[in-house]
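The values are calculated or read from the model by the stated rules, or taken from the named source; none is laboratory data. Remember, predicted model here, so these are calculated numbers, not experimental data. Reconstructed Cβ throughout: ideal geometry from the backbone, glycine too, with neighbour counts over all protein chains shown.
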Amino acid sequence: MDRIRLVGGNQLRGEIPISGAKNAALPLMIASLLTQEPLVLENVPRLADVNQLEKILENHGVDIAVHGRRPGTPGSRFDGQRMTLQAADIVDTTAPYELVSTMRASFWVIGPLLARAHEARVSLPGGCAIGTRPVDFFLYGLKQLGAEIDIDDGYVVARAPKGGLIGGLVHLPKVSVGATHTIMMAATLARGTTVIENAAMEPEIDNVAHCLVAMGASISGIGTRTLTIEGVPSLHGATIEVIPDRIEAGTFAMAAAMTGGDVLLRHARPEHLQSALDVLGQAGATIASEAGGIRVKRNGNGLQSVDVEVDTFPGFATDLQAQFMALMTMANGVSHIRETIFENRFMHVAELARFGADIRVEGQVATVTGVPALKGAQVMATDLRASVSLVIAGLAARGETVVNRIYHLDRGFERLEDKLSRCGAEIERVTG
Ligand code: EPZ
């Protein structure tokens, strides 16, 4: 099994190109189910989750062509791939357990399948390492659009009324990224008007909403908590660019703050991660927006502890919580980090302790008392963002660190070791 070996202590200096966002690319790919015409996506990252979703969509009848560009090709604005997806016919409305169980976002196909093919049979995604992650909001929302829903043998079986889904009012009890994507996509082809209240307003939702509009959908309120969708009879093809990955950008910003040095995060958009940048500023980083991205360096006063409460966008992202905790392990003072989105997202704590970090967890709050130095260790992680927090700790720790089970990293970080080593980190992938 592949591992990452790194030796800490080097400052990061140079430029890191930020890839297309995983969490935008996945729902954009799913949106291809809504039309028989080609959907062209620019700047798609090369990630294991993208490859897995290709398999799932191909099973429904989507033809997918990927035109790779070599990373770093001169003259190209982005390094990402161009992907053309065409669902001329939906040949199968079942998303089987073997495919859905490995990636929760694949459950989201239920919305477009129901809207276009008027039926869907999609395996329940099951629990996952960071929490139970139920699907009750999805089922409620689809029922509000007239769907009949049964649970049969671990599958959600959904049927639209004769003639297709009907617009309705969906008030989400809690902000949910996945439920917002799914209901929004389903509503584009429903008869009449759908209003989604308490909708997620993450930048990835905007990216998908703009894609749907380019495909002929009528959506107002994009970027707000209330989305209004007027259903149309059909959608057509479009070309859309995947936004830069704000979580990747925030991760490298924290790595730069942790090691010192000076890094330009190329393509990163400050408005997509402003609250994380504000926190980093308080913690001792200097952040500057430049035409080509965001520059991060230390302000010269050392790392200071900061309290953080995770929130939905525009708040501090749960997907940056583990990385920020790694940074706080070496800050002056005591930091309190409250996780509010997922009930079990502190599994990196035990692994960070292997570096000598001082962290205590009570309920949803982690109390981190900074230590003067970390020591390299053998570590293992249980989810994507937790894994990368261990890489960040290893970059600053004295001596050698080995991160095991790195398939988690490959799900969501493109060429991680390559990007870091180009900035001076001593890091390599060890195969076998
Ligand atoms: C998305 O997950 C992201 N995944 C997650 O990123 C991210 O952590 C999360 O949003 C929050 O920002 C993708 O975009 C592919 P939610 P999602 O529905 O949509 C509860 C990563 O590392 N809930 O917004 O699954 C749920 O349990 C991943 O890239 C219900 O109770 O998250 C959670 O407490 C991990 N019932 C809260 O809502 C439901 O039916 C928010 O979850 C749905 C959700």
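The set of residues in region 369-421 being within 14 Å of G9 (Cα to Cα), in contact with a strand residue (DSSP E or B) (Cβ under 8 Å, 6 or more places away or on another chain), in a helix (DSSP H, G or I) and in contact (Cβ under 8 Å) with a residue 60 or more places away in the chain consists of V391, A393, G394, L395, L420.
Looking only at residues in region 392-413 that are at pLDDT 95 or above and among the charged types (D, E, K, R), the one that is farthest from D2 (Cα to Cα) is R398.
The set of residues in region 317-329 that are within 11 Å of the ligand (Cβ to nearest atom) and not in a helix (DSSP H, G or I) contains only A317. Residue count for region 262-286 under the criterion of being outside any loop (DSSP other than H, G, I, E, B) and closer than 22 Å to S335 by Cβ: the result is 12.
In this structure, does I90 turn out to be at negative phi, surrounded by 17 or more Cβ atoms within 10 Å (Cβ to Cβ), assigned to a loop (DSSP other than H, G, I, E, B) and at pLDDT 95 or above? Yes, satisfied. Here's a check for you: in region 338-360, which residue that is part of a strand (DSSP E or B) and touching a Ser or Thr at 6+ places or on another chain (Cβ under 8 Å) is surrounded by the most Cβ atoms within 10 Å (Cβ to Cβ)? Only one residue fits best here, namely I359.
Filtered by the rule that a residue be within 30 Å of T318 (Cα to Cα) and in contact (Cβ under 8 Å) with a residue 40 or more places away in the chain, region 188-224 gives T188, T194, I196, A200, M201, E202, P203, E204, N207, V208, C211, L212.
All conditions but one from (1) away from the ligand (no atom under 16 Å from the Cβ); (2) farther than 20 Å from L113 by Cβ; (3) among the aliphatic types (A, V, I, L, M) apply to L39; the one that does not is (2).
Candidates are the residues of region 179-202 that are within 16 Å of the ligand (Cβ to nearest atom) and surrounded by fewer than 24 Cβ atoms within 10 Å (Cβ to Cβ); the one that is farthest from the chain's Cα centre (by Cα) is E197.
For region 97-112, the tally of residues that are within 14 Å of the ligand (Cβ to nearest atom) and either among the aliphatic types (A, V, I, L, M) or free of Cβ contacts under 8 Å to residues at least 12 places away in the same chain (or both) stands at 5. Determine, yes or no, whether M347 is within 16 Å of the ligand (Cβ to nearest atom) and either under 23 Å from the mean Cα position of the chain (by Cα) or of a type in the set (K, R) (or both). When the stated conditions are applied, M347 passes them.
For L165, the criteria (1) away from the ligand (no atom under 16 Å from the Cβ); (2) within 20 Å of the chain's Cα centre (by Cα); (3) under 26 Å from S123 (Cβ atoms); (4) hydrophobic (A, V, I, L, M, F, W, C) hold in every case but one, which is (2). The conditions of being over 11 Å from L142 (Cα atoms), of a type in the set (A, V, I, L, M, F, W, C) and away from the ligand (no atom under 16 Å from the Cβ) are met by V213. Are any of the residues in region 171-178 within 16 Å of the ligand (Cβ to nearest atom) and hydroxyl-bearing (S, T, Y)? Yes: one or more hits. Note on region 1-75: enclosed strands (runs of 3 or more DSSP E) holding 1 or more residues that are buried (at least 22 other Cβ atoms within 10 Å of the Cβ) and within 21 Å of the chain's Cα centre (by Cα) are 12-17, 39-44. Scanning region 231-250 for residues being out of contact with any Leu (no Cβ under 7 Å at 6 or more places or on another chain) and under 30 Å from L12 (Cα atoms) gives a total of 5.
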